[in-house]
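Structure, as structure tokens:
The values are calculated or read from the model by the stated rules, or taken from the named source; none is laboratory data. In this text the structure is predicted, and so the values were computed from the model without any measurement. Counting neighbours? That spans all protein chains shown, and the Cβs are built from the backbone with ideal geometry, glycine included. In case anyone asks, the SASA skips ligands and DNA or RNA and just uses the protein heavy atoms, side chains included. Shrake-Rupley method; radii C 1.70, N 1.55, O 1.52, S 1.80 Å.
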Amino acid sequence: MAKRYASLFYGDDTDKHPDPKPAPKSAPYRLLLVDDEPNILASLRRVFQRENYELLFARSADEALKILEKQPVELIMTDFMMPGMNGSELLREVRERWPQTIRIMLTGHANTDAVMGSIKDGAVYRFILKPWNDDDIRLTIALALEQYELMQRNRTLEQQTQKQGRDLETISKLTATNRSQLAILLHKKGWLNPQQIQQLHREMQSQKTPVVRQLLKHDWVDFQKVFELLRDEMLFEEVDLREFQPDPSLLSLIPQKICTRQLVLPLRVSGQRLRLAMVDPMDINLIDELGFMTGYTVHPLLCETSQMQAKLAEIFGDTNDLEDITTKVGSDDPYEGIEIVLDEDTDQESLEQLLGSSEEPPAIRLVNAIILEALRLGASDIHIHPRTKSLVVRYRIDGVLQDKIHIPTNLLMSVVSRIKVMAELDITERRRPQDGRITVKTPMRIVDLRISTLPTINGEKVVMRVLERQSSAQSLEDLGLSQHNLARLKHVIAKPQGIILATGPTGSGKTTTLYALLQHNASPERNYVTIEDPVEFHVDMAGQVPVKDRIGLDFASVLRAILRQDPDVILLGEIRDEETADVAFHAAMTGHLVYSTLHTSSAAATVARLLDLGLKPFVLASALEAIIAQRLVRRICTHCREETERPTEVLEQLGPQFLSEELRFYRGRGCEKCHKGYKGRVAIHEVLTMNEELRIAITEGASAMQIETLAREKGMMVLLDDALEKLRDGLTTADEILRLLGPQVLHG
């Protein structure tokens, strides 16, 4: 049986399977009674004084919420009309934060219309009218608490069912992933055509059901003829179940779900042999699994399908919905659900190799789990890092790497080989770095993974960059630009020609910025073309060209071809070499508006980098219109943000402008909706726009420092200035700015 890897994940999500046995309730039920009138609370105390309840009282909604934060209650009953937050608003808050608590409204006749809205919204379990009858209110509370107890038991049973379903689904999946000998036999007999065989295989893989179930669903063959074929030609021993009564003690050997799903029934045990009635006795894999599970040698006996269905219904009752329930449980398994999307030009041999590698479920399921966990956490990169004692999977979440999974080192080879097969890399080459890509499709998303392997002393390290296929481009106003920088950018992109560069390290949001510029004031009167490796955002109005280096389709060659397509606006994914830079800048000089990216540390340093690529100073000075340098700092979580003390030591390293007494500082306390107090990221920008003085300075060979000084005199805000503004607005922390920009001042 394939080993499960759920225990490898550590953190808060690793163990969410409580003991299925409900703990006996020793303490009395807690009731929270909320009303702003003291006499009402006194009357309610009198009503429940002989009941075995622990009573808590509150005079307002705020007071009730404070009590709930300190200790949970089983039931809350509140008045509707109260000063401040009314009863409906209070119960909506309780439903949001403590959904298990039973909620009851106590109100007068005049307020019933308002309360009905809360009932329809699901915030109120039921309401009681004033004045009330003491016996009625006691009965209502008792019934509500009985309902609470039933809900708790139902939740416990659901958890128990899920746990059993996961265990039993393992066997079902193993049997469903193998080719069916019965289907092959029926194909040889001419009873199933090749298309039906392929459809059966697909359905068995996706729905995790045995071939017998699929044949029953499609009604392609006569099962009486199938029975006669197996009996007469395959010489299986038959059994008649109509007069047969199975031993009740044997029904515990094989769980009900497997019996009804696989159409099998244990009949007798003789020594170490288990006589098992089967509709498909050719399912060798199922026989082996059941033998392993029961500890017996399984002796299969052939029986008719109608007899098996009738006997199972007689023993277990109606089982029509069991298949659907098991399928639902299986579909939530985090180790399944990834489909590999192969390129259209992939040959048949590589497809067969991929199918052949699927005979190793542990590596496949583990790699699928690694990818799906990255998608769930919103990671931008996946690092599979071999260390001395373990294989560590690390995710970059909001720009910061976090260790998430530890895997035994003996699985390194199979995990890396599986990734290489998916990316169509050479699995025999382990001494040289390799690059590739995978397109994976889950039930909800399609993502591209850029794969890079690197040989290390402990084995091959793999890094996968996650690129969302369905990402939508943001607007210019959503980038987090300050009003000063936004105005400067809008002025530049209104020009009909020139080149605008976004610079920064990998993962700093450069492409996002370029697409926002591309879509700003976009018009059908212009021709938009993009060149990327790979295409990160899909925009209908633009012709988007993916780069394919392996067939000679690089940035420079595609750019030359695009210039013959009459473009108005060109988005070039990256300037990597002298040839691409030369073509891009000459395109900008000849009437095209070009957007591109470059890896540099600041806007002024970009000029030096372009000169280093071999561009002539006069070409650079005349074509360049703007440079946007940017970084992404983590944003403080809005759900748990709180004011904190001044981090003096950090501020001193950032510079004197951060020591202003007016600054207030915030941090994220950490909650279930964020990662260590941070949720998402916000960009800090440095926008350099060209003018005549800067063009002359570049032509005359000015240094990066001189260019930056000149640009600041003309109003450019550097990254540190924009970071200070984000800190002043309470969007990020001083520690995060120090992490991204580094210390600016040396003390001591």
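Okay, residues lined up against (1) assigned to a strand (DSSP E or B); (2) out of contact with any Asp or Glu (no Cβ under 8 Å at 6 or more places or on another chain):
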{"site": "Arg634", "(1), (2)": "yes, no"}
{"site": "His639", "(1), (2)": "no, yes"}
{"site": "Arg646", "(1), (2)": "no, yes"}
{"site": "Gln653", "(1), (2)": "no, yes"}
{"site": "Glu662", "(1), (2)": "no, yes"}
{"site": "Lys673", "(1), (2)": "no, yes"}
{"site": "Val682", "(1), (2)": "yes, yes"}
Those residues of segment 538-562 which are part of a helix (DSSP H, G or I) and open to solvent by 60 Å² or more (accessible area, probe 1.4 Å) amount to Asp549, Arg550, Ile551, Arg560
Only listed residue being outside any loop (DSSP other than H, G, I, E, B), surrounded by fewer than 14 Cβ atoms within 10 Å (Cβ to Cβ), β-branched (Val, Ile, Thr) and at negative phi, chosen from Ile696, Ile707:
Ile696
Go through segment 256-309 and give me each residue that's open to solvent by 60 Å² or more (accessible area, probe 1.4 Å) and within 16 Å of Glu238 (Cβ to Cβ).
Arg268, Arg275, Ser306
When every residue in segment 387-396 that is crowded, with 20+ Cβ neighbours inside 10 Å and either out of contact with any Ser or Thr (no Cβ under 6 Å at 6 or more places or on another chain) or among the β-branched types (Val, Ile, Thr) (or both) is compared, the one farthest from Met413 (Cα to Cα) is Tyr395
Pull out all pairs, ordered by first then second residue, where Cβ-Cβ is under 8 Å, the residues are six or more apart or on different chains, the first lies in segment 238-254 and is without any contact (Cβ under 8 Å) to a residue 60 or more places away in the chain and within 15 Å of Leu274 (Cα to Cα), and the second is part of a helix (DSSP H, G or I) and among the β-branched types (Val, Ile, Thr).
Leu253/Thr294; Ile254/Thr294
Which ones in segment 583-624 are in a helix (DSSP H, G or I), open to solvent by 10 Å² or more (accessible area, probe 1.4 Å) and either within 29 Å of Arg526 (Cβ to Cβ) or basic (Lys, Arg) (or both)?
Val583, His586, Met589, Arg609, Phe618, Ser622
Does Arg469 satisfy being basic (Lys, Arg), out of contact with any helix residue (DSSP H, G or I) (no Cβ under 8 Å at 6 or more places or on another chain) and modelled with pLDDT of 90 or more?
no
When the residues of segment 710-719 are filtered to those that are touching a Leu at 6+ places or on another chain (Cβ under 8 Å) and open to solvent by less than 50 Å² (accessible area, probe 1.4 Å), which remaining residue is nearest to Leu486 (Cα to Cα)?
Met716
For helices (runs of 4 or more DSSP H) lying entirely in segment 12-110, having 1 or more residues that are at pLDDT below 85 picks out 87-97
